[in-house]
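Following: one structure in structure tokens, then a few remarks.
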Amino acid sequence: MNIADLILASSNAEHCQRNWDHSQSIPDDHVKALIEIATNMPTKANEPYYKLFVSTDRTVNRKFYKAAIDPNNPNTFVRNAQVDAQVVFTWFETKPPGLDDDTNRLGHHDPWLLNSRTAMGISSGAVALAANTMGYRTGYNQCFNSDDIIDIVLEATGETDRTLFQKPHYQLGIGIPNSEHKWTTVLDDEGNVLENIKPHLKTISVTMV
């Protein structure tokens, strides 16, 4: 891979893909590679600051999609199709019981939740870049009620202990886009255009010496 390809992958990762070609699937070895990339990323002192749930199950991912509503903005219903993808990664925090937010498991002053969120950001960013490098497209999602996501995961795994999955922070849909539409196009269940999302442009200040 050359530098131009890597930059292109990063540019694609910036976009939030909102439609998918469900006639195609992602090979298991690709999914396993992305999982390894996610869990290989550095965390402070190699602490397990997050738990990862990965779904390639179409039924589970549709439930994620139906739950992808900003609790403070009900107009987001059926907009957040990024989690209607072939694969969905979900990052959960793993704060050990008995620790306050400013103490690590060794008893040192160390903001666990801050480190957890940092670790999840590093992990998810690496997966997004890697997936786009592999030719897939991605879309982040934070529009959900945490309890809804936990309910879906518990049902999918057959677990009943809610403490096994603490607060979810990010979801990342990964898959093969619908080639007939731009990444901004939201489709309904029949494949009709529901709306076109207007992307926001950003300018990141960079100082280099």
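Readers should treat all values here as calculations from the given coordinates under stated rules, not as data from a laboratory. If you're wondering where the values come from, they're calculated on a predicted model, not measured in any experiment. Don't worry about glycine lacking a Cβ; one is built from the backbone with ideal geometry, like all the others, and counts go over all protein chains shown.
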Completion exercise
Taking every other residue with Cβ under 13 Å from the Cβ of ILE150 and scoring Lys and Arg +1, Asp and Glu -1, one gets -3
Practice task
Report the net charge of residues surrounding ALA38, where surrounding means a beta-carbon distance below 14 angstrom and charges are Lys +1, Arg +1, Asp -1, Glu -1.
Solution key: +1
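What net charge is computed for the residues neighbouring PHE165, neighbours being all others with C-beta under 13 Å from the C-beta of PHE165, Lys and Arg scored +1, Asp and Glu -1? Working shown, then result.
Numbers: positive: LYS51, LYS95, ARG162, LYS167; negative: GLU93, ASP147, ASP148, ASP151, GLU155, GLU159, ASP161.
Spelling it out: positives minus negatives among the neighbours equals -3.
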Exercise for the section: Output the peptides 127-133, 3-9 sorted from most to least packed, where packing is the average of other Cβ atoms within 10 Å over each peptide's residues. Expected result: 127-133, 3-9
Handout entry: Reach of LYS32 by Cα under 27 Å, taken over lysines that are not fewer than 8 positions away in the same chain
Key = LYS44, LYS51, LYS63, LYS66, LYS95, LYS167
Fill in the blank from the handout: Sorted largest first, the Cα spans of segment 3-196 on the principal axes come out in Å as 55, 41, 30
Exercise for the section: Work out the FRET efficiency for LEU8 and GLU155 from their Cβ-Cβ distance, taking R0 = 35 Å, and round it to the nearest 0.05. Expected result: 0.35
Practice task
Mind checking which lysines have their Cα closer than 20 Å to the Cα of LYS198? Skip sequence neighbours fewer than 8 apart in that chain.
Solution key: LYS182
Practice task
Sort LYS167, LYS202 so the one with the fewest other Cβ atoms within 10 Å of its own Cβ comes first.
Solution key: LYS202, LYS167
Practice task
Give me the distance in nm between label points sitting 7 Å out from Cα along the Cα-to-Cβ direction at ARG62 and ALA33, one decimal.
Solution key: 3.0 nm
Handout entry: Helix-only CD estimate at 222 nm, as mean residue ellipticity for the chain, using -39500 (n - 2.57) per DSSP H run (n ≥ 4)
Key = -10500 deg cm²/dmol
Problem - Degrees between helix 3-14 axis and first principal axis of the chain (Cα, 0 to 90, nearest 10) - result: 90 degrees
Fill in the blank from the handout: Descending packing, highest mean Cβ count within 10 Å first, for 44-53, 83-92, 28-37 is 83-92, 44-53, 28-37
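List the chymotrypsin sites (Phe, Trp or Tyr not before Pro) in segment 109-209 that DSSP assigns to loop (not H, G, I, E or B) and whose Cβ has at most 11 other Cβ atoms within 10 Å. Which are they?
none
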